[in-house]
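These notes are about the structure you will find just below.
The values are calculated or read from the model by the stated rules, or taken from the named source; none is laboratory data. Remember, it's a predicted structure, so these values are computed and weren't measured experimentally. Every residue, glycine as well, gets a Cβ built from its backbone with ideal geometry; the counts of neighbours run over all protein chains shown.
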Amino acid sequence: MKGAIIGDIIGSAFNNQRQPSPDFQLFKERSEFTDDTILTIATADSLLNNINYKDSLIKWVKAYPDAGYQEEFLTWIKNGGTEDYISKGNGAARRISPIGFSAKSINQALTEAKKTTIITHNISQRIEASQAAAVAIFMANNGATKKEIKNYISVHFGYELNLKVSDWQDLLEGKDKPDTPVPPAMAAFFESSDFEEAIRLAITIGGPSDTIASITGALAQAYFKHIPKAFIKRALARLTPDMEMIIDKFEETYIIKKENGAYHYFTK
């Protein structure tokens, strides 16, 4: 979960500003959490405290209404989510990482991902993108290899995952942009050798960097099981105490078993 939030914060300073190389300053003065972080925390709060997904979304968005949401979404929130709503945004995959970490099976990851996605993105492509992200995080968190993750997601979701980061750079600058940020986010993860490289590669793709880096960050956290302490410190300094409380409780419940300076992830 921290990986997703760190990716969001770092990516926030680079939206639609593709970096020519991975060698760039990660944290800038304008680096800040966005709606991706708020919605991720809302998902975690729901899982931790048995709160309805919609109710948790409404609670957290009302608490932080200036995080960069679409106006239509804010109106829906202010009206209590009583009407049908289908977002035109990048999808619910950006808030899905707590489900991937907390799920006890692939089926549970699929079920919970769909359950939360249909609240705001009840479109088959968006549901499948959320499910793909949740399942990939679940598999990475439970010891699957990159090859196993790639094969499973390719077969079950039909994504072209042999494209490289360089391919996605061109595609995101073209007219025919992908339906979902999940495949480019996965490409950055597959090409990386550690958490930092995963985030750097995600940012070089361009496009909605906060969302792409958030999804990549969650996958990298689950797979590499280590986030540099400096990243955590600089990211958490940009959050509020109530956000940190949810993050800490979530990781204590589902994730952290610290050994030899590295984070080892598990599900209780």
Regarding SER87, is this residue buried (at least 22 other Cβ atoms within 10 Å of the Cβ) and among the polar types (S, T, N, Q)?
no
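If you take the residues in the range 1-40 that are of a type in the set (Gly, Ala, Ser) and within 17 Å of the chain's Cα centre (by Cα), which one is surrounded by the most Cβ atoms within 10 Å (Cβ to Cβ)? Step through it out loud before you land on a result.
Going through the range 1-40, the residues of a type in the set (Gly, Ala, Ser) turn out to be 3-4, 7, 11-13, 21, 31.
Now drop any that are not within 17 Å of the chain's Cα centre (by Cα), which leaves 3-4, 7, 11-13, 31.
Values: GLY3: 30, ALA4: 34, GLY7: 36, GLY11: 28, SER12: 24, ALA13: 19, SER31: 20.
Within the range 1-40, the match that is surrounded by the most Cβ atoms within 10 Å (Cβ to Cβ) is GLY7.
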Could you please give the count of residues in the range 38-69 that are of a type in the set (S, T, N, Q) and in contact with a Gly (Cβ under 6 Å, 6 or more places away or on another chain)?
0
I'd like the residue in the range 193-226 that is over 20 Å from ALA13 (Cβ atoms) and among the small types (Gly, Ala, Ser) and, out of all such residues, is farthest from the chain's Cα centre (by Cα).
SER193
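Please go through the range 181-194 and give me each residue that is assigned to a loop (DSSP other than H, G, I, E, B) and either modelled with pLDDT of 95 or more or surrounded by fewer than 21 Cβ atoms within 10 Å (Cβ to Cβ) (or both), ordered by number.
Of all residues in the range 181-194, those assigned to a loop (DSSP other than H, G, I, E, B) come to 181, 192-194.
Those that are assigned to a loop (DSSP other than H, G, I, E, B) and either modelled with pLDDT of 95 or more or surrounded by fewer than 21 Cβ atoms within 10 Å (Cβ to Cβ) (or both): SER192, SER193, ASP194.
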Residue pairs within 6 Å by beta carbon, gap of at least six or interchain, first lying in the range 28-51 and farther than 17 Å from ASP248 by Cα, second among the aromatic types (Phe, Trp, Tyr) and part of a loop (DSSP other than H, G, I, E, B), listed first then second, are ASP35/TYR69
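Do we find that PRO20 is in a loop (DSSP other than H, G, I, E, B) and closer than 25 Å to LYS177 by Cβ in this structure?
Against the criterion (in a loop (DSSP other than H, G, I, E, B) and closer than 25 Å to LYS177 by Cβ), PRO20 qualifies.
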Single unsatisfied condition, ASP55 versus (1) free of Cβ contacts under 8 Å to residues at least 60 places away in the same chain; (2) buried (at least 18 other Cβ atoms within 10 Å of the Cβ):
(2)
Being more than 22 Å from GLN221 (Cα to Cα), surrounded by 15 or more Cβ atoms within 10 Å (Cβ to Cβ) and not hydrophobic (A, V, I, L, M, F, W, C) narrows it down to one residue among THR75, THR120; which is it?
THR120
Pick from the range 46-68 the residues that are over 16 Å from THR117 (Cα atoms) and of a type outside the set (A, V, I, L, M, F, W, C): which of them is modelled with the lowest pLDDT?
GLY68
